[in-house]
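Beneath this line is the structure, given in structure tokens, with notes to follow.
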Amino acid sequence: MKVSVVVPVYNEQANLDEFCRRVLAVMDGLAGPYELLLVDDGSRDRSLEILKAWAARRPDVVRVLELSRNFGQHPAILAGFRDVTGDVVVTLDADLQNPPEEIPKLLSKVEEGYDVVGGVRISRQDSFARRFASRIVNRVTVAITRMRLTDFGCMLRAYSRDVVDEINRTEEASTFIPALGQSFARNPTEIEVAHAPRTGGESAYSLYRLIRLNFDLMTGFSAVPLQLFGILGTFVALGGIAFGIFLFVRRLIVGAEVEGVFTLFAILFTLLGVAMAGLGIVGEYVGRIYEQVRGRPRFSVRHAWGLRGEPPSSSPAPGSVSTPATGPSPAVRR
């Protein structure tokens, strides 16, 4: 069983040397062939130079893909998926919060016959605010999408080659890899995995990007938000009609009065708020359609180094800046 490890990298120069040492040590200790695909997602620090140095040192198993710009974590993983040759594909982040030493646990479950193995982070080393928000998002997402996923944010996962091939055949402009893999899985499972605190660098996910990611997840795998808004709009409309009838009857009995002006304003603002929220939900779906019909590529690979590419002629020490003497392989665009 050949294993392909796909790692998206964005501004992780503080962690890359230790990460590569640890993941290669783990994979070297397993009985079987493997490859390590490191996808640089438009890093602005020295991450790419460090990756190229590791490709020069271990060209037999390490392959580095340089994307032309920052496309995002999930498009970067898709770029790696298009290039894998293994029977099983493992994904994890390069920030070392997903310990590479947990990979054998995933592979053992794959050998039992599961085609998707998801990690569930235990004893999370994130802030309370982030854990609390993640818990709410996970529960809301499960309720909306009906997917049996416990931890949507954990990228430490293993996929069979059949599932990866199904993912590669999709043409969605934006997607969420764990949920997409789960939708194609015939026999998925989840296991608990360790979670470590971030020791270097900063998370690429700001609060805004996390919100955007979860909007993509909910609108990309379910029409429930639109249906809920339709139901809410129906109840609000019926309530408005009933309240209008009540005010008309009250005016006939009591007569004209001005005491209810502020109540009417409050109701008006409530209705406007509901309408604006619904417009935002509809806009999410329209935006996805707009991105889809534009037909722009989800990612673009500028260069490739190492395995199956043109490695540098020398092997500099990891972490040093290296420029290939023979030049990078021709750009591959998808």
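Length gain on complete extension for the stretch Arg69 to Ala277, per 0.36 nm per residue less the alpha carbon to alpha carbon distance?
Gain on extension, Arg69 to Ala277, equals 71.6 nm.
Between Tyr34 and residues 5 or more places away or on another chain, which pairs have amide H atoms under 5 Å apart, with H built 1.01 Å from N, and which residues are they?
Counting only residues 5 or more places away or on other chains, the set is Val3.
What's the center-to-center distance, using Cα atoms, between the range 18-52 and the range 65-108 in Å?
10
What are the trypsin sites (Lys or Arg not before Pro) within the range 35-84 that DSSP puts in a loop, where the Cβ has at most 11 other Cβ atoms within 10 Å?
Counting only loop positions with at most 11 other Cβ atoms within 10 Å, the trypsin sites (Lys or Arg not before Pro) in the range 35-84 are Arg44, Arg69.
Quote the Stokes-Einstein diffusion coefficient, in whole µm² s⁻¹, for the range 75-120, based on the Kirkwood radius over alpha carbon pairs, a temperature of 25 °C and a viscosity of 0.890 mPa s.
In µm²/s, the coefficient is 207.
Coordinate-derived values only; no laboratory data. All figures in this text were calculated on a predicted structure; none of them were measured in a lab. Quick reminder, even Gly has a Cβ in these numbers, built from the backbone with ideal geometry, and neighbours come from all protein chains shown.
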